[in-house]
Amino acid sequence: MTVTTTEPAPVAPIPASSSTRLVDRVFKMRELAIFVLLLAILALTQLGNSAFLSEQGIKDLLLNATILVLVATGQALVVITRNVDLSVGSTLGISAFAAGTYLQSGGHPVVAVVLAVLLGVGFGLLNGLLVSLGQVPALVVTLGTLYIIRGIDSIWVGSRQITAADLPDGFVDFGSAGISAVPWLALIALAVLVSTAYYLRHFGSGRELYALGSNPEAARLAGIPVRRRILLAYTFCGALAGLAGALYLARFGNVDSGTGSGYELTVVSAVVVGGVVFTGGSGTVYGAALGALLLTSVNSVLPALGVSSVWVLAINGILLILAIAVDRIVALRVASALKKRNARHG
Amino acid sequence: MTHRSAKDPAPVLALRGISKSFGAVRALRDVSLDLFPGEVHALAGENGAGKSTLIKTLAGVHRPDSGQVLLDGEPVTFHGPADARDAGIAVIYQEPTLFPDLSIAENIFMGRQPRRALGRIDHRATRTATAALMHRLGVELDPDRPARGLSIADQQIVEIAKALSFDARVLIMDEPTAALTGSEVARLFGVVRALREQGAAVLFISHRLEEIFRICERVTTLRDGALIAGEPLAGMTEEDLVRRMVGRDLDELYPKQHVEAGEVALSVRRLTREGVFTDVSFDVRCGEIVGMAGLVGAGRTEVARTVFGVDRWDAGEVEVAGRALVNGAPSAAMAAGLALVPEDRRAQGLVMGMSIERNIGLTGLRATRRAGLMDRGAERSRSLDWAVRLQVKYARIADAVSTLSGGNQQKVVLAKWLATGPAVLIVDEPTRGIDVGTKAEVHRLLSALAADGVAVLMISSDLPEILGMADRVLVMHEGRLTAEIPRSDATEETVMAAATGRAAA
Ligand SMILES: Nc1ncnc2c1ncn2[C@@H]1O[C@H](COP(=O)(O)OP(=O)(O)OP(=O)(O)O)[C@@H](O)[C@H]1O
Ligand SMILES: [Mg+2]
């Protein structure tokens, strides 16, 4: 810092200094890097299997990614607040079955979707209340609700199963139709993604989610309603898991008591691979969505290349560790660059 | 300075008979205080006297166990910091409370950003307002850079900017100047005076007594949580104030013993860390206390960190007792007899959730180990010994460090490093946030260490401390060593001239 003499107050626009540009660049780079990796994987696969990126191929890829993108968007919000929601898989499963049962008995598709979302909201509220009121880490709380919801699901569903034949034709068709290669479901996910990103960037309560993930104690001192914001994040996450359940039903037309089990791990991986830091306060939902796309592509690419699907999990794991390592290194680099800037301020 | 008109205005904010306990610790007992518009009010007291607790009560962070807070004469209950803020009270807490991932602008306006249509944040207005605040404080900090990695002083500046941005009726500042040097303090005081003219009430805490006398009209003194006096400062001397704080007369604040300097213990040659500091060379001899002065951001802390091996150097060399140190290896530096008491105690000095005893014991793990196992008994007696020598105020030595007052945490960091019995001791702001009584004690300790042949490098933003304690003063300016002044020639003028780059020496 330099002591300056008194001058008239500076006028906008303020030139962005190089430190800012550097930091911005790094974070854009993070998302750009995933994007490039994604394109590279797709291009290589296309070389090995020219049928891969046919219209149907692209559509399948997008369809497969849609549900993960939705749930990852919700999860990103929670992770930004330095929490986590492990119950999303269970919530997805039970809301898919609820929507299916309702449709089976002749319900209207729109009402079915609303029902699934509301169920998700309910479980989200439950998680949010437990996490924000109890002094128990989110990891433990939501591990509990994961099993509770799965348990309720199993008791309720038993060995029953819902298949496409039980559902209205329009609903199942909607699940796979779209504008040429772009499915409707993907457009829904995109709309949710874009509006969530806009909300996080441009609304006070959205920024407060970052603030409280970045430094919970400071957030409290700044008068941010910490509990209400955490509740908001969980409710939103639950709602998207519910919505994803309904879309899952439309897409696969097949739900049983095991639907969505183990899904939470894929979701959390997608979010972390996408650059949403597990300790809260940074990352974007676009990153999370890119992470979801990347994981989905890896899952579709390996079979297309004739690689056994047993490799999929291992590769997901490697991506996850790589992402964390990259984050760590980038963080250190940025920190030292900022330190140097500090000193130069003189 | 202290002429309030005959018809005294009513206090904006007042405390009546406030008590607050944490378990068995009675942090405040029956304390009352009046804050008047257009007046700067000092809150004085030793470490752990209850100053920060009092402030947190005013700010709605703590609920008093008994007593009342009056706003414009009406009793109010603050249910949280938001209530106090809405009542027009802005607070700078002792420990910076920033969001490391967010930009400076967002940090300042979090929760109350300027809005556009539909309740969206006006990012541009936020940034412009931040730049204007920075200008008012006379500092160049980029509004868009994240708060992560800011020096303690810059964090303090951001906190001050945040508090100013409220245009509050009551401004409360808990040791805002602890990390600042003269020119930043002058700037801050300029702003505070302007606020006072506009009729704001200000509550100010500092362990630098001369600052209290410079800016305040009235002082309230606490001792062990109890109110000692609330009175005008006019006519009081520093000695009077110290007596109220400590309850007795104080010995010499700078008990510097003359020691004949011995062999060179630490030798730094042409040390450079690119973009941070350049071509820094100096020696510290056994028995010597070398002061390092300079403005905030001059690179003093960075030199210390690099010498100790926390950061790597790009060129140059460091020798301890004639043996070269390995670049970037703190453990090697420690083995060579070097100790560094860091500037940022919360982030680098302490494990907040751990007990006082274990924190002090951490550096001695090697010494107090028996057959590869920790000897808890030895650790405890060693920790107790140092805690007592530094007059750490605690309920039990097994309490978590996080429950200590700010100054007492600082003492724990000091104890932890002094306990290693180093040959070369680098202390970065050793008495920041430490009360006058203990300050004298720390100075006596440093002086005694030097007399025992320890080489001491003391970085300090407190100029009187440098002048009072150092055998030689090194001055840094913008990453370069600009002057080396022997004790006999060191005055406020010569040091400040070199620190601001006005004179080449
Ligand atoms: N959260 C807490 N839990 C337990 N004890 C506490 C807590 N906060 C403060 N104390 C105790 O209350 C007393 C007063 O602390 P306080 O922080 O108000 O002191 P202070 O006057 O601000 O001191 P300093 O000058 O060192 O900042 C101390 O004995 C401290 O250990
Ligand atoms: Mg304090």
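Where helices (runs of 4 or more DSSP H) fall entirely within the range A:51-166, those with at least 3 residues that are more than 25 Å from A:Val194 (Cβ to Cβ) are at A:88-104, A:109-133, A:138-157.
When you check B:Glu95 against the structure, is it under 22 Å from the mean Cα position of the chain (by Cα), acidic (Asp, Glu) and modelled with pLDDT under 95, yes or no? For B:Glu95, the condition - under 22 Å from the mean Cα position of the chain (by Cα), acidic (Asp, Glu) and modelled with pLDDT under 95 - is met. For the range B:167-194, the set of residues classified as over 16 Å from the mean Cα position of the chain (by Cα) and away from chain A (no Cβ under 11 Å) consists of B:Asp167, B:Ala168, B:Arg169, B:Val170, B:Leu171, B:Ile172, B:Phe189, B:Val191, B:Val192, B:Arg193, B:Ala194, listed by residue number. Of everything in the range B:7-28, what is over 13 Å from B:Pro75 (Cβ atoms), more than 16 Å from ligand 1 (Cβ to nearest atom) and basic (Lys, Arg)? Give them in sequence order. B:Lys7, the sole residue that qualifies. Residue count for the range B:374-425 satisfying the condition of being hydroxyl-bearing (Ser, Thr, Tyr) and under 21 Å from B:Asp174 (Cβ atoms): 4. Out of the residues in the range A:210-265 meeting the condition of being within 17 Å of the chain's Cα centre (by Cα) and within 14 Å of another protein chain (Cβ to nearest Cβ), tell me which one is surrounded by the most Cβ atoms within 10 Å (Cβ to Cβ). This residue is A:Gly213. The set of residues from the range B:29-72 being acidic (Asp, Glu) and within 12 Å of ligand 1 (Cβ to nearest atom) comprises just one member, B:Glu46. For B:Glu465, the criteria (1) surrounded by 21 or more Cβ atoms within 10 Å (Cβ to Cβ); (2) more than 16 Å from ligand 1 (Cβ to nearest atom); (3) of a type outside the set (A, V, I, L, M, F, W, C); (4) modelled with pLDDT under 90 hold in every case but one, which is (4). Just so you know, in the range B:259-273 the residues that are of a type outside the set (S, T, N, Q) and under 28 Å from the mean Cα position of the chain (by Cα) include one that is nearest to B:Ala451 (Cα to Cα), and it is B:Leu266. Tallying residues that are in contact (Cβ under 8 Å) with a residue 24 or more places away in the chain and not in a loop (DSSP other than H, G, I, E, B) within the range A:266-304 yields 26. Residues in the range B:284-326 that are away from chain A (no Cβ under 13 Å), acidic (Asp, Glu) and surrounded by fewer than 22 Cβ atoms within 10 Å (Cβ to Cβ): B:Glu317, B:Glu319.
Using the structure shown, decide if B:Gly45 is more than 16 Å from ligand 2 (Cβ to nearest atom), surrounded by 23 or more Cβ atoms within 10 Å (Cβ to Cβ), under 29 Å from the mean Cα position of the chain (by Cα) and of a type outside the set (A, V, I, L, M, F, W, C). Judged against the criteria, B:Gly45 is not a match.
The set of residues from the range B:81-102 being away from ligand 1 (no atom under 16 Å from the Cβ), at the interface with chain A (Cβ under 8 Å from one of its Cβ atoms) and not in a helix (DSSP H, G or I) comprises B:Leu98, B:Phe99, B:Pro100, B:Asp101, B:Leu102.
Among the conditions (1) more than 19 Å from the chain's Cα centre (by Cα); (2) surrounded by 13 or more Cβ atoms within 10 Å (Cβ to Cβ); (3) within 14 Å of chain B (Cβ to nearest Cβ), the only one that A:Val326 does not satisfy is (3).
Of the residues making up the range B:395-407, those that are within 15 Å of ligand 2 (Cβ to nearest atom) and modelled with pLDDT of 85 or more number 4. Within the range B:296-311, being touching a strand residue (DSSP E or B) at 6+ places or on another chain (Cβ under 7 Å) and assigned to a loop (DSSP other than H, G, I, E, B) holds for B:Ala298, B:Gly299, B:Asp311. Do we have any residue at all in the range B:110-118 that's over 28 Å from the mean Cα position of the chain (by Cα), more than 8 Å from every other protein chain (Cβ to nearest Cβ) and in a helix (DSSP H, G or I)? Yes - at least one qualifying residue is present in the range B:110-118. Restricting the range B:415-462 to residues that are of a type in the set (Ser, Thr, Tyr) and more than 16 Å from ligand 2 (Cβ to nearest atom), which is nearest to B:Leu474 (Cα to Cα)? Out of the qualifying residues, it is B:Ser460. Here the helices (runs of 4 or more DSSP H) wholly within the range B:412-505 that include at least 1 residues being more than 22 Å from B:Glu46 (Cβ to Cβ), more than 19 Å from the chain's Cα centre (by Cα) and touching a residue at least 12 places away in the same chain (Cβ under 8 Å) are B:436-451, B:492-499. Within the range B:135-151, being more than 8 Å from chain A (Cβ to nearest Cβ) and buried (at least 23 other Cβ atoms within 10 Å of the Cβ) holds for one residue alone: B:Ala147. Quick one: would you say B:His62 is touching a residue at least 40 places away in the same chain (Cβ under 8 Å), within 14 Å of chain A (Cβ to nearest Cβ) and over 19 Å from B:Pro176 (Cβ atoms)? So B:His62 fits the description; yes. Put simply, of B:Val388, B:Val341, B:Val427 the only residue that is more than 14 Å from chain A (Cβ to nearest Cβ), modelled with pLDDT of 80 or more and either within 14 Å of ligand 1 (Cβ to nearest atom) or in contact with a Gly (Cβ under 8 Å, 6 or more places away or on another chain) (or both) is B:Val341. So is B:Thr77 more than 16 Å from ligand 1 (Cβ to nearest atom), hydroxyl-bearing (Ser, Thr, Tyr) and out of contact with any Pro (no Cβ under 6 Å at 6 or more places or on another chain) or not? For B:Thr77, the condition - more than 16 Å from ligand 1 (Cβ to nearest atom), hydroxyl-bearing (Ser, Thr, Tyr) and out of contact with any Pro (no Cβ under 6 Å at 6 or more places or on another chain) - is met.
The values are calculated or read from the model by the stated rules, or taken from the named source; none is laboratory data. Small disclaimer: the values here were computed from a predicted structure and weren't measured. Here the Cβ is made from the backbone with ideal geometry for all residues, glycine too, and neighbour counts use every protein chain on show.
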